[in-house]
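**Student:** Sharing a structure, written as structure tokens. Questions coming.
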Amino acid sequence: MADSDKPMSRARILPAIIAGSGLYEPAGWKATGADTVSTPWGEPSEPIKRGVFKDTEVLFLPRHGRDHRLPPHRINYRANIAALAACGATHVLAFNVVGGINPALPAGRLLVPDQIIDYTWGRGHTFSDAANQKLQHVDFTWPYDAALRETLLSTGKRQDVDIHNGGVYGATQGPRLESAAEIARLEHDGCDIVGMTGMPEAGLAREQGLPYACLALVVNPAAGKSEAPIGLSDIERVLSEKLPLVNALLLDCCRQIGA
Ligand code: HPA
């Protein structure tokens, strides 16, 4: 048979979701199992869940673990990315809750950031960290995968959900929230949103060669950006209001990646 007569074989696609606060098991998918994975970097936050959404197989990992037992600085980001890669993930969609710095991004707003500044410290942030590990200086000019960002944005359009395109994610150490002066500094640096889990996850995905994009949900105005103190109950209200939408967007986006 001539090459041109052969049926096109498409490389297998296996999207993974790394979910943040509030999302610990996708709603509306059919769970098919979970892989307990051990990596050279230790254990991921949880066994990697497998499931199917409308014929698309999806991997799922809640980055804070069950019952939100891992604070942002204690998450083993290296093990999480290595475990997803070991399970065959081909793409990673990250969901992160954030505070809004840019007034155009009030609580309840969804966005797909296009840049990141890393203010975290002391986290296992690279796979190039052992004598036998190949040293990599990966390109990180555009930290998020352009095609995957587009897929997230077009999924929003398909579902008639307004998603802000772009923005700079300032990744802070936590677990405390920032001071007003710290947020003023981030704003001066060009950050539009602030969160505690964006890095080193994005950098590790790049080192691993996994296309990675972030869907961020603003749950509060960042410190000093509103008169009122940042209230947990307000954050929880935004989360419970928006999580069903986030869940639907992420699963549909996985399907679009495979389409
Ligand atoms: N700062 C840092 N991380 C966050 C915030 C915030 O205001 N809100 C949600 N995650």
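**Student:** From the set of residues in segment 151-168 that are within 25 Å of GLU182 (Cβ to Cβ) and not aliphatic (A, V, I, L, M), which is surrounded by the fewest Cβ atoms within 10 Å (Cβ to Cβ)?
**Tutor:** GLY166
**Student:** Within segment 40-54, can you find the residues that are in contact with a helix residue (DSSP H, G or I) (Cβ under 8 Å, 6 or more places away or on another chain) and either more than 10 Å from LEU84 (Cα to Cα) or of a type in the set (A, V, I, L, M) (or both)?
**Tutor:** Residues satisfying the conditions are PRO40, TRP41, GLY42, GLU43, SER45, GLU46, ILE48, PHE53, LYS54.
**Student:** Suppose we keep only residues that are more than 18 Å from the chain's Cα centre (by Cα), of a type in the set (A, V, I, L, M, F, W, C) and under 27 Å from PRO175 (Cα atoms) within segment 115-150. Which one would you say is surrounded by the most Cβ atoms within 10 Å (Cβ to Cβ)?
**Tutor:** Residue satisfying both the conditions and the ranking: PHE127.
**Student:** Looking only at segment 55-75, how many residues end up being assigned to a loop (DSSP other than H, G, I, E, B) and surrounded by 13 or more Cβ atoms within 10 Å (Cβ to Cβ)?
**Tutor:** Of the residues in that region, 5 qualify.
**Student:** Can you confirm whether segment 105-126 contains a residue that is at pLDDT 95 or above, of a type in the set (Ser, Thr, Tyr) and more than 27 Å from LEU232 (Cα to Cα)?
**Tutor:** yes
**Student:** Return the only residue of VAL97, VAL112 being within 16 Å of the ligand (Cβ to nearest atom), buried (at least 19 other Cβ atoms within 10 Å of the Cβ), of a type in the set (Val, Ile, Thr) and under 13 Å from LEU217 (Cα atoms).
**Tutor:** On the way: VAL112 fails: within 16 Å of the ligand (Cβ to nearest atom).
None of the others qualify; the one that does is VAL97.
**Student:** Determine if segment 234-247 includes at least one residue that is more than 14 Å from the ligand (Cβ to nearest atom), in contact (Cβ under 8 Å) with a residue 24 or more places away in the chain, in a strand (DSSP E or B) and under 16 Å from the mean Cα position of the chain (by Cα).
**Tutor:** Checking segment 234-247: not a single residue is more than 14 Å from the ligand (Cβ to nearest atom), in contact (Cβ under 8 Å) with a residue 24 or more places away in the chain, in a strand (DSSP E or B) and under 16 Å from the mean Cα position of the chain (by Cα).
**Student:** Could you identify the single residue in ARG158, ARG185, ARG206, ARG176 that is within 12 Å of the ligand (Cβ to nearest atom), of a type in the set (Lys, Arg) and more than 12 Å from VAL112 (Cα to Cα)?
**Tutor:** None of the others qualify; the one that does is ARG176.
**Student:** Quick one: is THR141 in contact (Cβ under 8 Å) with a residue 24 or more places away in the chain and away from the ligand (no atom under 16 Å from the Cβ)?
**Tutor:** Spelling it out, it is not the case that THR141 is in contact (Cβ under 8 Å) with a residue 24 or more places away in the chain and away from the ligand (no atom under 16 Å from the Cβ).
**Student:** Only residues in segment 16-40 that are more than 18 Å from THR56 (Cβ to Cβ) and modelled with pLDDT under 95 count as the first member; pair them with residues that are basic (Lys, Arg) and crowded, with 19+ Cβ neighbours inside 10 Å, Cβ under 7 angstrom, at least 6 apart or cross-chain, and list the lot.
**Tutor:** GLY20/ARG63
**Student:** In segment 106-129, how many residues are touching a residue at least 60 places away in the same chain (Cβ under 8 Å) and in a loop (DSSP other than H, G, I, E, B)?
**Tutor:** 13
**Student:** Return yes when ALA222 is more than 24 Å from ARG74 (Cα to Cα), more than 19 Å from the chain's Cα centre (by Cα), surrounded by 15 or more Cβ atoms within 10 Å (Cβ to Cβ) and within 16 Å of the ligand (Cβ to nearest atom) and no when it is not.
**Tutor:** So ALA222 does not fit the description; no.
**Student:** Also, I was wondering about something else. All but one of (1) over 27 Å from ARG78 (Cα atoms); (2) assigned to a helix (DSSP H, G or I) hold for PRO229, so report the exception by its number.
**Tutor:** All conditions are met except number (2).
The values are calculated or read from the model by the stated rules, or taken from the named source; none is laboratory data. The structure presented is a predicted model; accordingly, all values stated were derived computationally and were not measured. Quick reminder, even Gly has a Cβ in these numbers, built from the backbone with ideal geometry, and neighbours come from all protein chains shown.
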